[in-house]
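Note sheet for the following structure.
The values are calculated or read from the model by the stated rules, or taken from the named source; none is laboratory data. Please read all numbers here as calculations on a predicted model, not as lab measurements. Cβ sites come from the backbone with ideal geometry, for glycine too, and all protein chains shown count toward neighbours. In case anyone asks, the SASA skips ligands and DNA or RNA and just uses the protein heavy atoms, side chains included. Shrake-Rupley method; radii C 1.70, N 1.55, O 1.52, S 1.80 Å.
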Amino acid sequence: MGENKVDVDVVIVGAGFAGLAAADAIVQYNKVHKSDGAPDVTFVVLEGSNRAGGRTKTIETDPDFNGPVGYIDVGGQYLGRGQSYMQSLVERFNISTFPTCIAPDKSSVYQAGDIAGSQIPQLTYFIGNYPLTATVIAGLKQIDSRTQFVKSRLAEPWKSLQAEELDNQTVAAWATPRLGNDKYAMELTKLAIRCAFSVEWDELSALYLFFYGATAGSFEAFENVAGDDGGDRIRFTNGTKSLVDALVGFIEGAAPGSIQYGCDVKSVAESAGRVEVTALVGGATKVFGASRVIVAMSPGPALKIQYSPDVSVERRKLAERMVMGRTFKGFLLYKEPWWRTKYTGYVLSGKGPACWMMDNTWQDPYTGALGQPSLMTFVAGQFADEKFSALTKAQRRDLLKQQVFDIFQDSRALDTVGYVESDWQTDAWSHGCPSAVPAVGDLVKYGPAMRTPCGAVHWAGSESGLEWTGGYMNGAVQSGIRAAGEVI
């Protein structure tokens, strides 16, 4: 074996939650079967960046802020009680969490966009997930009804009722007539898509929307922010990094040196039952030989790797056409959580630039003591376009501060003590966040390629998850465990 050649059974590309879950599953398999005298399944995880976590990232300090900022998750950060794979990891590693603060006796706010000829008030105050009207409720019921049909064929949504017809319709085309051209209901539906997917409702197929909701059990669960069973109800006390670090520690404890950073994988070549994975490491080429490879990346960025033989035509077409979410997350830091006197801090906005806000103030789960007060602002889809990206950090901060002032009408909104942000579109490894969605019509045409191996290459990543899919940590973990089972 040469100095720059490493041989293992499995190479895992990517140390996000999908790749870490695959490695963790292999370690657990080895532990269980050690008593059988079976040899260990050997593996290595190759991560291109200098950290694990993928589309999650916890910020504890910021150069523009004099002092610690607490635990700010600029990527994925929320959990729900129905996310069984993540809940299992949290319990196994005894990770501290606390409830997202949405006080039931305070109001949330909807800020309407500029809709010509509309009588929608600029600010609407509501309790729960949405400022509901009869039209909105009727529309949500229709979506959930369709979601249940897809749920019955969850692993093969392209075989569900009217799949081809629904996949060839955008959400905009499907929803508009069913909402009776009600401008208020239409804007809320656009907003729901923008907040959830970081794309617009004319970029997403109706079938994929129903599939997405089905992976959460129902569309209502997937959209549930204020309810106890919603997907945004739980936060990590010490950020998502606390669970990432626990997983990395467990994997490295069982297989020291198995996670390698700064490994930019360039090619995967399969020949005579073996695979060679070539990576650029610190300017030098390193080759990893294996029997199987798990590519735990979003489908589009995974095509930066050269495959020999090439991936299937269906896989390439699916991945090439997938639309990546466009997301900024900005956190406005304050001296105190002043909004809590009247409001929850939960905001929906059709006006922007932020389409969604949440109270992001850290809280000690044992004493109730508050840490750094902050508001999370989520800028997504068309609001995160090139014009917004071209602004300076200070200009983006000031726009968000002004928006918070316009919503709460409180001068304290302008008195920030710091600002932390992340533009996921410029991330060299993710190319966007929270996930990628299939192009309209492609779920039926190429959907099976999302999880079907190409020779010795297997696929993981949140987009291929079947329980809280694309963009959710839970979907990533489930996909990694599934891929590990395939290669073992």
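At-a-glance table
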quantity: Any hit, segment 130-153, residues being open to solvent by less than 60 Å² (accessible area, probe 1.4 Å), of a type outside the set (Gly, Ala, Ser), in contact (Cβ under 8 Å) with a residue 12 or more places away in the chain and in a strand (DSSP E or B); calculated: no
quantity: Filter result (open to solvent by less than 60 Å² (accessible area, probe 1.4 Å), among the charged types (D, E, K, R) and under 30 Å from residue 229 (Cβ atoms)) within segment 59-85; calculated: 73
quantity: Members of segment 446-469 found to be touching a Leu at 6+ places or on another chain (Cβ under 8 Å) and either at pLDDT below 95 or not in a loop (DSSP other than H, G, I, E, B) (or both), listed by number; calculated: 446, 447, 449, 450
quantity: Matching strands (runs of 3 or more DSSP E) fully within segment 294-369 where at least 2 residues are not hydroxyl-bearing (Ser, Thr, Tyr); calculated: 327-333, 343-349, 356-359
quantity: Considering residues of segment 224-263 that are open to solvent by 40 Å² or more (accessible area, probe 1.4 Å) and touching a Gly at 6+ places or on another chain (Cβ under 7 Å) only, the residue modelled with the lowest pLDDT; calculated: 229
quantity: Flag if residue 404 is open to solvent by less than 20 Å² (accessible area, probe 1.4 Å), in contact (Cβ under 8 Å) with a residue 40 or more places away in the chain, more than 27 Å from residue 158 (Cβ to Cβ) and out of contact with any strand residue (DSSP E or B) (no Cβ under 6 Å at 6 or more places or on another chain); calculated: yes
quantity: Answer residue from segment 275-329, given it is farther than 30 Å from residue 425 by Cβ and of a type in the set (Val, Ile, Thr) and is surrounded by the most Cβ atoms within 10 Å (Cβ to Cβ) among those; calculated: 275
quantity: Residue 94 open to solvent by 50 Å² or more (accessible area, probe 1.4 Å) and at pLDDT 90 or above; calculated: yes
quantity: Total residues in segment 453-488, condition among the charged types (D, E, K, R) and touching a Pro at 6+ places or on another chain (Cβ under 7 Å); calculated: 2
quantity: Count of residues meeting criterion [open to solvent by 40 Å² or more (accessible area, probe 1.4 Å) and within 27 Å of residue 379 (Cα to Cα)] in segment 428-459; calculated: 4
quantity: Among (1) in a helix (DSSP H, G or I); (2) surrounded by fewer than 18 Cβ atoms within 10 Å (Cβ to Cβ), the one test that residue 397 misses; calculated: (2)
quantity: Strands (runs of 3 or more DSSP E) completely within segment 1-111 that count 2 or more residues being among the hydrophobic types (A, V, I, L, M, F, W, C), within 24 Å of the chain's Cα centre (by Cα) and within 30 Å of residue 419 (Cα to Cα); calculated: 68-73
quantity: Every residue from segment 152-180 that is over 17 Å from residue 444 (Cβ atoms) and under 24 Å from the mean Cα position of the chain (by Cα); calculated: 172
quantity: Count - residues of segment 118-159 that are touching a Ser or Thr at 6+ places or on another chain (Cβ under 9 Å) and of a type in the set (Asp, Glu); calculated: 1
quantity: Output for segment 162-195, where each listed residue is of a type in the set (A, V, I, L, M), closer than 21 Å to residue 474 by Cα and either assigned to a loop (DSSP other than H, G, I, E, B) or touching a strand residue (DSSP E or B) at 6+ places or on another chain (Cβ under 9 Å) (or both); calculated: 192
quantity: Pair list, Cβ < 7 Å and 6+ apart or interchain, from segment 206-225 residues that are within 21 Å of residue 100 (Cβ to Cβ) and assigned to a loop (DSSP other than H, G, I, E, B) to residues that are among the small types (Gly, Ala, Ser) and open to solvent by less than 10 Å² (accessible area, probe 1.4 Å); calculated: 216/231; 224/230; 224/231
quantity: Any chance residue 115 is assigned to a loop (DSSP other than H, G, I, E, B), touching a helix residue (DSSP H, G or I) at 6+ places or on another chain (Cβ under 6 Å) and at pLDDT below 90; calculated: yes
quantity: Positions within segment 368-384 being over 16 Å from residue 71 (Cα atoms), open to solvent by 10 Å² or more (accessible area, probe 1.4 Å) and among the hydrophobic types (A, V, I, L, M, F, W, C), in sequence order; calculated: 378, 383
quantity: Test: residue in segment 266-274 that is out of contact with any Ser or Thr (no Cβ under 7 Å at 6 or more places or on another chain), within 30 Å of residue 156 (Cα to Cα) and open to solvent by less than 20 Å² (accessible area, probe 1.4 Å); calculated: yes
quantity: Evaluation of residue 43 against (1) surrounded by fewer than 24 Cβ atoms within 10 Å (Cβ to Cβ); (2) closer than 14 Å to residue 258 by Cβ; (3) aromatic (Phe, Trp, Tyr) (one fails), failing number; calculated: (1)
